[in-house]
Amino acid sequence: MIRRLGAKSQYAKRNTNKMFNLNSILRENIKNLVPYSSARDEFNGGDKGSWIFLDANENSFGSPLPVSYNRYPDPLQLQLKQKISAIKGVPLQNIFLGNGSDEAIDILFRAFCRPGIDNVILVPPTYGMYEVSANINDVATRKVPLTTDFQLNLEGIAEEIDQNTKLVFICSPNNPTGNSIDRAAIETILANFEGVVVIDEAYINYSKQKSFIQELTEYSNLVVLQTLSKAWGLAALRLGMAFASEEIIEVFNKVKPPYNINQASQTLALEALDNVAQVNEWIKQIIAERDKLISDIKTLSFVNYIYPSDANFILAKTSDPRKIYTYLVEQGIIIRDRSKVELCEGCLRITIGTPAENQELIKALRNFK
């Protein structure tokens with residue numbers, strides 16, 4: 001669920017990880033980086049309508065749209081961050097907004113990982129963009145598969161960490177498995193790893209597990225990723241959120257492009273964030289539909305197992321995933337074949353749809369032969 005919290009409600013804890021030193025893992029070129037200073041960085045005088053702006057080489061005549069977009073947006077999205085701060089209970093200076101969570105992931109590699117030298121820990125099966133971003137940035141990945149019940153292998157992770165390991169990525173609730181990762185195991189890594197621990201909580205609104213944003217002052221090496229794409233239904237706007245210490249957020253802001261969130265996305269997101277009650281109602285409905293869909297799919301003879309889910313999707317182990325996938329495509333229903341993913345052999349991932357869409361899915365599956 002989405003809760004409005006007091007902005008200082010969770011910020012009285014001490015830093016548990018005494019070993020973490022941001023400067024010791026930050027790339028030298030990032031330490032010395034002088035970020036681009038945009039016109040709106042140098043001057044932000046409030047209501048744009050009350051000033052004559054001749055500083056940014058914009059088209060002063062306007063734009064050929066009903067809403068004028070001729071002015072550059074706020075580079076730090078302060079109005080949007082203030083609203084997110086009130087909802088999440090996180091101080092504004094601990095928030096970064098990216099062009100999707102993928103931008104935040106990419107910045108982490110560029111800020112902390114030296115190409116061709118450093119490495120990161122991944123725990124497959126997990127979100128695929130961690131590895132893609134690592135490959136783009138020429139950073140080695142050390143993979144420590146989850147256990148058979150999709151939990152962290154702490155001994156395996158400890159064995160893979162060396163002096164050049166800068167990041168550990170943990171997705172919880174996990175994609176594509178849907179389960180939450182054991183909190184105590186994550187805290188063990190946070191308290192003992194000298195690099196940055198990234199917890200991707202894209203699906204946290206569907207889970208009973210508490211968000212790790214409540215632990216930001218407990219662990220100075222913690223970065224929590226969330227998104228407006230899932231529960232908030234704003235996937236097309238591409239708005240991701242990173243929550244971290246003020247020092248790490250300053251690194252994000254140094255590295256990001258000057259105007260990484262466009263004005264249309266900022267305006268629409270501000271409007272959407274006024275509808276917490278509506279989003280909470282959708283979350284309840286999706287969880288109820290998830291439970292119903294699990295019950296219905298369990299009755300199908302070709303479904304061997306459905307894994308527990310804290311997300312807005314389920315992972316089902318089947319006898320013939322490719323044949324089922326192809327059949328559903330022929331019926332106009334698109335799901336995700338995850339059967340070639342490590343530890344997900346035979347599995348299909350199914351997003352929870354509307355009641356009508358879920359009924360169509362079950363109807364089609366009952367006719368599958």
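Which cysteines in the chain lack any other cysteine whose Cβ sits under 4.7 Å from their own Cβ?
Here 113, 171 come out as lacking a disulfide-compatible partner, given the Cβ-Cβ threshold of under 4.7 Å.
Mind checking the dipole of the stretch 28-272: about its Cα centre, +1 per Lys or Arg Cβ, -1 per Asp or Glu Cβ, Debye to the nearest 20? Let's see the in-between values first.
Working: 19 positive and 29 negative charges, 135 e Å.
With only Lys, Arg, Asp and Glu charged at Cβ, the dipole is about 640 debye.
Averaging sequence separations of C-alpha pairs under 8 Å and six or more residues apart, then dividing by the length of the chain, give the relative contact order as a whole percent. Can you show the working numbers first?
Numbers: 649 pairs, mean separation 70.2, N = 369.
RCO, the chain: 19 percent.
Taking the Cβ of each residue in 206, 72, 305 as the centre, tally the other Cβ atoms inside 10 Å and list the residues starting with the fewest.
On the way: 206 23, 72 19, 305 11.
Result, fewest neighbours first: 305, 72, 206.
Which aspartates and glutamates have a Cα lying under 12 Å from the Cα of residue 230, excluding residues fewer than 8 positions away in the same chain?
Correct list for residue 230: 201.
Send over the per residue convex hull volume for the stretch 180-314, Cα only, as a whole number of Å³.
Values: hull volume 19.8 nm³, N = 135.
Convex hull of Cα atoms, per residue: 147 Å³.
So for 351, 177, 126, fewest C-beta neighbours within 10 Å to most, what's the order? Mind dumping the intermediate values first?
Working: 351 17, 177 29, 126 25.
So the ranking, lowest neighbour count to highest, is 351, 126, 177.
Where does the stretch 277-366 land on Rg/Rh, using Cα atoms and the Kirkwood Rh?
Details: Rg = 12.9 Å, Rh = 13.4 Å.
My calculation of the ratio gives 0.97.
Could you compute how fast the chain diffuses translationally, taking Rh as the Kirkwood radius over C-alpha pairs and applying Stokes-Einstein at 20 °C with viscosity 1.002 mPa s? Give it in µm² per second. Spell out each step's value before the answer.
On the way: Rh = 22.2 Å.
This corresponds to a translational diffusion coefficient of 96 µm²/s.
I need the fraction of alpha carbon pairs in the stretch 293-336 separated by more than 12 Å, rounded to a whole percent.
64 percent
Which percent, nearest 5, of DSSP beta bridges in the chain are antiparallel? If you can, show how the numbers build up before the last one.
Working: 20 of 36 bridges.
Close to 55 percent.
Give me 340, 317 sorted ascending by neighbouring Cβ count inside 10 Å, so fewest comes first. Kindly include the intermediate steps, with their values, before the conclusion.
Numbers: 340 10, 317 17.
With the fewest neighbours first, 340, 317 line up as 340, 317.
Bear in mind these aren't lab numbers, they're just calculated from the coordinates by the rules spelled out. All values reported here derive from a predicted model rather than from experimental measurement. Cβ: placed from backbone, ideal geometry, glycine included. Neighbour counts: every protein chain shown.
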